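The values are calculated or read from the model by the stated rules, or taken from the named source; none is laboratory data. What you see is a predicted model; the values in this text were computed from it and never measured. Cβ sites come from the backbone with ideal geometry, for glycine too, and all protein chains shown count toward neighbours. Calculation scope for accessible area: heavy atoms of the full protein, side chains included, ligands and nucleic acids excluded. Shrake-Rupley method; radii C 1.70, N 1.55, O 1.52, S 1.80 Å.
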Amino acid sequence: MKPLFILFLLLSTAIYAQTPPQPYDALPSKRQLAWHDIEVYGLIHFTPTTFENKEWGYGDADPKTFNPTDFNADQIIKAAKAGGLKGIILVAKHHDGFALWPTKTTEYNISKSPFREGKGNLVKEVEQAVRKNGLKFGVYCSPWDRNNASYGTDKYLPIYQAQLKELYSNFGELFMSWHDGANGGDGYYGGAKEKRSIDNTTYYDWNNTWAITRKMQPMANIFSDIGLDIRWVGNEDGHAAPTSWATFTPMAPDGKSVAVPGQANYPQSPEGIRNGKFWMPAECDVPLRKGWFYHANEKPKTPETLFDLYLKSVGRGAGLDLGLAPDTRGQLHDDDVTALKTFGDMVKHTFENNLAKNASIKASNCRGKKYDVAKLLDGKKASYWATQDDIHQASLELDLKAAKTFDIISLQEYIPLGQRIEAYAIEIFENNTWKNVYNGTSIGAKRLVKLAHPVTTNKLKINITKSPVCITLSEIGLYKKAG
């Protein structure tokens, strides 16, 4: 019996070592995992409002106002790509109600403008440039329409839904359908210069409206204050909270009954909610300039500022959505092109060389060969190191073989199994002793730890001190910020 028992133990251990950890809490969908891979994308605002030098159009601009002198979608998208952006969301209709495609739903559209002699389709031109340059494409169609005579009545919702259907039908697969909470107020409304109010908890019938998205564009992530897939981070400054959970439970604010776009629990948005009901990571939207639309008196953010925002958005498991504002030519200003290129190069050169790639790693615990520490340096998000089920704390020690100088530490969890780690500490070996350089909480899809100043060491230790379940980690990186 004894040899048989030993054989049974060996077989049981071998089988256990190949068994993946159980998922924890809310999990990302296939479309959300694809979104996490994009990391940085852009939101283009270009309507008659550009030519009025305003931020929000009133809905009364003559369609002839929209007359770019030299529109060049390829110039805009190439500049975005040089900036490291991997996706573009086009504002196909902003609050002013002007549609950038020849829609059947409203006369207030691009066919009434001089653009391409009334035969233009700006949505199509941007979409084609996006595809040609290898980026993903998404759209935003404002539910608030300050031009439409039917807005505020029960006749408007079918119009808005028909606009979404046109956008979902004619421009290929979308990676995002973007929505915000702007609703009701003063406008032109078919010539009636008045204020119209709506009940935003019911008027847009979001459940049925978003059912159209799900049916027609199943891989499009729905973004709004309340998801369904991606939540607004709660500010337009471009950053998430230092502790950043990808899970969230949309809740109505105090005194309200329903959580809807424009009316949600903003205080929790920057950080998320630990053990929230849904996987709903944050998008950090921020204009490249001061405003979302082009204004000649404004300048783009510096590459250093953009890099800092990258660390505080992508580096906190969120996405960075940069607002791009073409000028009246229909191109990005040279200042914007330069800022994007310098930022893109800074990110590219910072992260092109993982200083830990040749390190040897020791782990205090390992689930088995399929989940061993070599997975942490293989450059593959789909493979990961994991501990045994009953191990919720663990240490990883990296021997870099030689002294390396770095100031950014990158950690990535294997998020298809959920966001698990709740606390960790990082130490470096200095003067023959271990020295703490960082204490953190959340990791998630990606955590970029920016140290206050570069450190030089040949050994690094990562102590995972709190996790409700066994630990997973897919990648570790050490980097020196490029100048």
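Summary table
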quantity	calculated
Restricting segment 204-225 to residues that are surrounded by fewer than 20 Cβ atoms within 10 Å (Cβ to Cβ) and either in a loop (DSSP other than H, G, I, E, B) or aliphatic (A, V, I, L, M) (or both), the residue that is nearest to the chain's Cα centre (by Cα)	219
The listed residue being under 30 Å from residue 288 (Cβ atoms), crowded, with 19+ Cβ neighbours inside 10 Å, touching a Cys at 6+ places or on another chain (Cβ under 9 Å) and aliphatic (A, V, I, L, M), out of 240, 264, 246	240
Condition broken by residue 255, with the remaining ones in (1) more than 15 Å from the chain's Cα centre (by Cα); (2) open to solvent by 40 Å² or more (accessible area, probe 1.4 Å); (3) under 28 Å from residue 322 (Cβ atoms) satisfied	(3)
Every residue from segment 122-140 that is under 19 Å from residue 107 (Cα atoms) and touching a Leu at 6+ places or on another chain (Cβ under 6 Å)	122, 123
Those residues of segment 98-120 which are under 27 Å from the mean Cα position of the chain (by Cα) and without any contact (Cβ under 8 Å) to a residue 60 or more places away in the chain, in sequence order	98, 100
Matching entry among 180, 186, 145, 154 (being part of a strand (DSSP E or B) and either at pLDDT below 95 or over 19 Å from residue 227 (Cα atoms) (or both))	186
Residues being open to solvent by 10 Å² or more (accessible area, probe 1.4 Å) and of a type in the set (Asp, Glu) - total across segment 126-153	1
Number of the condition not met by residue 446 [criteria: (1) more than 18 Å from residue 358 (Cβ to Cβ); (2) among the charged types (D, E, K, R); (3) surrounded by 15 or more Cβ atoms within 10 Å (Cβ to Cβ); (4) more than 22 Å from the chain's Cα centre (by Cα)]	(4)
Whichever residue in segment 278-334 is closer than 29 Å to residue 447 by Cα and of a type in the set (Lys, Arg) and, among such residues, is least open to solvent (accessible area, probe 1.4 Å)	289
Pairs with Cβ under 7 Å, 6+ apart, first in segment 192-214 and under 23 Å from residue 165 (Cα atoms), second among the basic types (Lys, Arg) and surrounded by fewer than 17 Cβ atoms within 10 Å (Cβ to Cβ)	212/165
From the options 4, 33, 11, residue that is surrounded by fewer than 17 Cβ atoms within 10 Å (Cβ to Cβ), in a helix (DSSP H, G or I) and at pLDDT 95 or above	33
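Rundown of residues vs (1) more than 14 Å from residue 137 (Cβ to Cβ); (2) in contact with a helix residue (DSSP H, G or I) (Cβ under 6 Å, 6 or more places away or on another chain); (3) surrounded by fewer than 23 Cβ atoms within 10 Å (Cβ to Cβ); (4) not aliphatic (A, V, I, L, M), yes/no style:
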site	(1), (2), (3), (4)
155	yes, no, yes, yes
168	no, yes, yes, yes
172	no, no, yes, yes
187	yes, no, no, yes
